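First the structure, in the form of structure tokens, and then the observations on it.
The values are calculated or read from the model by the stated rules, or taken from the named source; none is laboratory data. It should be emphasised that the depicted structure is a prediction, and the values quoted were computed from it without experimental measurement. Cβ placement follows ideal geometry from the backbone for every residue including glycine, while neighbour counts extend to all protein chains displayed. Ligands, DNA and RNA are stripped out before the accessible areas are found, and what is left, the full protein with its side chains, is counted by its heavy atoms. Shrake-Rupley method; radii C 1.70, N 1.55, O 1.52, S 1.80 Å.
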Amino acid sequence: MSALDTIDSLLFSLARAFCSPIAVFVQIQGCVICLTLALGWACASYVRKKEINQMKDSMREGNSFAFLYHDINELEHSNQVKLPRVTVVMPLKGFGEHNVHNWRSQITSLYGGPVEFLFVVESKEDPAYHAVSRLLSDFKDDVDAKVVVAGLSTTCSQKIHNQLVGVENMHKDTKYVLFLDDDVRLHPGTIGALTAEMEKNPEIFIQTGYPLDLPSGSLGSYCIYEYHMPCSMGFATGGKTFFLWGGCMMMHADDFRLDRYGVVSGLRDGGYSDDMTLAAISGAHKRLITSPPVAVFPHPLSSDLSFGRYWNYLRKQTFVLESYTTKVNWIMNRALFSSHCYLSWGFVLPYVMAVIHIATALRTYVKGYSLEETNIPSGGLLLVSCLAICTVIELLSMWNLTRIEVQLCNMLSPEAPRLSLATYNWGLVFIALLVDNFLYPLSAFHSHFSQSINWSGIRYHLKNGKISKIERSKDMGPSFTDLGGKHLYGKKGAPPKVSFLSSLARSLAQWHQPKKFDV
């Protein structure tokens, strides 16, 4: 028997096996997953589209500032002077190509009330310290902003440590504190919209938002985009949600001053993930988390985001499920771990089966075999057709949500370079769907058995869901972060050399000349 005959025999055997009741169930399940995702994105699209229509209606009524307030009367001086004080805390680590643009969008907010911006770094050695100091010097007395040096964390992640130091340094009259990641590109009215919701409903514990990824063109960047898209359903409710994104969280300042619900101690004493810890506290005390429809933010990914850096990012995301605060939180994380792994491979396996069915059909046609000769049931290609239709529906729903979110972001930031879907490669999106869902369980199991992670050159070890050991070494990890391509290390006490200056010049140029994802 020739090698080709052996391959044919194996193909036919697999095709027959993939027509068994269990295999048919797996393939039907794949179709159901596709349609469920499509339905979720359709619902998210409805919420975002409703906000767009409200803004358009307001503009037709003569409100040219609809991107700030639906009701133009809110811009009256008598209303603006009543706005509460907000402190914006931004924990920083490293400096990359998009940071200057992002920081500029944050400090040039059109919020009418008193607001201060605290950029918190680990040390003056961090390249972010010199970059943000230079930016703030350009604004001088135009904004209330300063850089705070937090020092090294000893009991929690460096990000959480920076956040808590920022809270300690906020103004005594601050009513709300807004935590932002340095890769968040704010809209002019974001702070005002979040504050208005907090004022309207004092029962809100945390307000959050979610990023709209702008892939740079590499497969790794599309895998990041695909990874975030299913989560976007939980943030497009237009109100109550159980999800929380650490990149944008507005909370009551007094919750930190008084350590209500153990907010400070829960984060400080072994906290690894700010959003997972606060979400667990919210659930334990039945507190309200909301996500307004305007809280979607452009998130440009690094232009050189490699596949290896995507894998490092995925590892950090799955490692989050290994941290927990209570037994109930542990059970929920294990349920998320199990269901996500099952659904990920349950999504990929039908496509593997579909390839076998198609290859078998092609070999049968080329060889001129009849179905009776191959003894293969005829239902295989029918299942392939169903999966193809469901996949197209899923991708169209994903495209529609992305289109609507791009439109919403353009309306919320009328002064910014226009975003566009023109640069999205939907062939790579489909490949990223398969790659990301195949790799997720591998990353999740790796995280489960390792119980340690390297995050921006710092290795954290967990014990009973909390950080038990912190190791630091410049030789321990990469010299840049995963998504933003940020350089993590610089010369102590002075700006980094040419690489930093060229990066800064490139970022400043991007503020005036949009990149390919901005046009």
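Those residues that are part of a helix (DSSP H, G or I), over 25 Å from the mean Cα position of the chain (by Cα) and of a type outside the set (Phe, Trp, Tyr), I need them from region 256-269; list them, please.
Result: Arg257, Arg260, Gly262, Ser265.
Every residue in region 287-309 that is modelled with pLDDT under 90 and either part of a helix (DSSP H, G or I) or over 13 Å from the mean Cα position of the chain (by Cα) (or both), please.
Passing the criteria: Ser302, Ser303, Asp304, Leu305, Ser306, Phe307, Gly308, Arg309.
With respect to the numbered conditions (1) part of a helix (DSSP H, G or I); (2) touching a Pro at 6+ places or on another chain (Cβ under 9 Å), which one is the sole condition not fulfilled by Leu321?
Against the list (1) part of a helix (DSSP H, G or I); (2) touching a Pro at 6+ places or on another chain (Cβ under 9 Å), Leu321 comes up short only on (2).
Would you check if there is a residue in region 238-253 being among the aliphatic types (A, V, I, L, M), touching a strand residue (DSSP E or B) at 6+ places or on another chain (Cβ under 6 Å), in a loop (DSSP other than H, G, I, E, B) and within 28 Å of Tyr69 (Cβ to Cβ)?
First, pick out the residues of region 238-253 that are among the aliphatic types (A, V, I, L, M): 244, 249-251, 253.
From what's left, touching a strand residue (DSSP E or B) at 6+ places or on another chain (Cβ under 6 Å): 244, 249-251, 253.
In the following step, the residues that additionally are in a loop (DSSP other than H, G, I, E, B) were identified as 244.
With the extra rule that they be within 28 Å of Tyr69 (Cβ to Cβ), the set shrinks to 244.
The answer is yes, given that some residue of region 238-253 is among the aliphatic types (A, V, I, L, M), touching a strand residue (DSSP E or B) at 6+ places or on another chain (Cβ under 6 Å), in a loop (DSSP other than H, G, I, E, B) and within 28 Å of Tyr69 (Cβ to Cβ).
On the given criteria, is Val143 among the β-branched types (Val, Ile, Thr), surrounded by 15 or more Cβ atoms within 10 Å (Cβ to Cβ), closer than 29 Å to Thr277 by Cα and free of Cβ contacts under 8 Å to residues at least 60 places away in the same chain? Spell out how you get there, then give the answer.
On the way: among the β-branched types (Val, Ile, Thr): yes; surrounded by 15 or more Cβ atoms within 10 Å (Cβ to Cβ): yes; closer than 29 Å to Thr277 by Cα: no; free of Cβ contacts under 8 Å to residues at least 60 places away in the same chain: yes.
Against the criterion (among the β-branched types (Val, Ile, Thr), surrounded by 15 or more Cβ atoms within 10 Å (Cβ to Cβ), closer than 29 Å to Thr277 by Cα and free of Cβ contacts under 8 Å to residues at least 60 places away in the same chain), Val143 does not qualify.
Do we find that Leu110 is part of a loop (DSSP other than H, G, I, E, B), of a type in the set (A, V, I, L, M) and over 26 Å from Tyr460 (Cβ atoms) in this structure? Lay out the reasoning, then the answer.
Values: part of a loop (DSSP other than H, G, I, E, B): yes; of a type in the set (A, V, I, L, M): yes; over 26 Å from Tyr460 (Cβ atoms): yes.
So Leu110 passes the test.
Can you say whether Thr155 is open to solvent by 10 Å² or more (accessible area, probe 1.4 Å) and either touching a residue at least 24 places away in the same chain (Cβ under 8 Å) or not in a helix (DSSP H, G or I) (or both), as far as the supplied structure shows? Talk me through it step by step, then tell me what you get.
Details: open to solvent by 10 Å² or more (accessible area, probe 1.4 Å): yes; either touching a residue at least 24 places away in the same chain (Cβ under 8 Å) or not in a helix (DSSP H, G or I) (or both): yes.
Answer is yes for this residue.
Among Arg48, Arg60, Arg16, which is farther than 30 Å from Val294 by Cα and among the basic types (Lys, Arg)?
Values: Arg48 fails: farther than 30 Å from Val294 by Cα; Arg60 fails: farther than 30 Å from Val294 by Cα.
None of the others qualify; the one that does is Arg16.
Suppose we filter Glu61, Glu51, Glu74 for residues that are open to solvent by 70 Å² or more (accessible area, probe 1.4 Å), modelled with pLDDT of 90 or more and over 29 Å from Thr364 (Cβ atoms); which single one remains?
Every option except Glu61 fails the conditions.
For region 464-478: of the residues being modelled with pLDDT of 90 or more and either closer than 16 Å to Tyr313 by Cβ or in contact with a strand residue (DSSP E or B) (Cβ under 8 Å, 6 or more places away or on another chain) (or both), which is surrounded by the most Cβ atoms within 10 Å (Cβ to Cβ)?
We begin by selecting, within region 464-478, every residue modelled with pLDDT of 90 or more; these are 464-471.
Filter again for either closer than 16 Å to Tyr313 by Cβ or in contact with a strand residue (DSSP E or B) (Cβ under 8 Å, 6 or more places away or on another chain) (or both), leaving 467-471.
Numbers: Ile467: 21, Ser468: 14, Lys469: 10, Ile470: 16, Glu471: 12.
Across region 464-478, the extreme among qualifying residues is Ile467.
Can you pull out the residues in region 250-271 that are open to solvent by less than 10 Å² (accessible area, probe 1.4 Å) and closer than 19 Å to Lys463 by Cβ? If you could, list the steps in order and put the result at the bottom.
First, the residues of region 250-271 that are open to solvent by less than 10 Å² (accessible area, probe 1.4 Å): 250-251, 253, 255, 263, 267, 270-271.
Leu267, Gly270, Gly271, listed by residue number.
Test Leu395 against the criterion of being open to solvent by 60 Å² or more (accessible area, probe 1.4 Å) and either at pLDDT below 90 or under 30 Å from Met229 (Cβ atoms) (or both), and give yes or no. Quick ask: steps written out before the conclusion?
Numbers: open to solvent by 60 Å² or more (accessible area, probe 1.4 Å): no; either at pLDDT below 90 or under 30 Å from Met229 (Cβ atoms) (or both): yes.
So Leu395 does not fit the description; no.
Somewhere in region 283-299, is a residue open to solvent by 30 Å² or more (accessible area, probe 1.4 Å) and in contact with a Cys (Cβ under 9 Å, 6 or more places away or on another chain)?
Within region 283-299, not a single residue is open to solvent by 30 Å² or more (accessible area, probe 1.4 Å) and in contact with a Cys (Cβ under 9 Å, 6 or more places away or on another chain).
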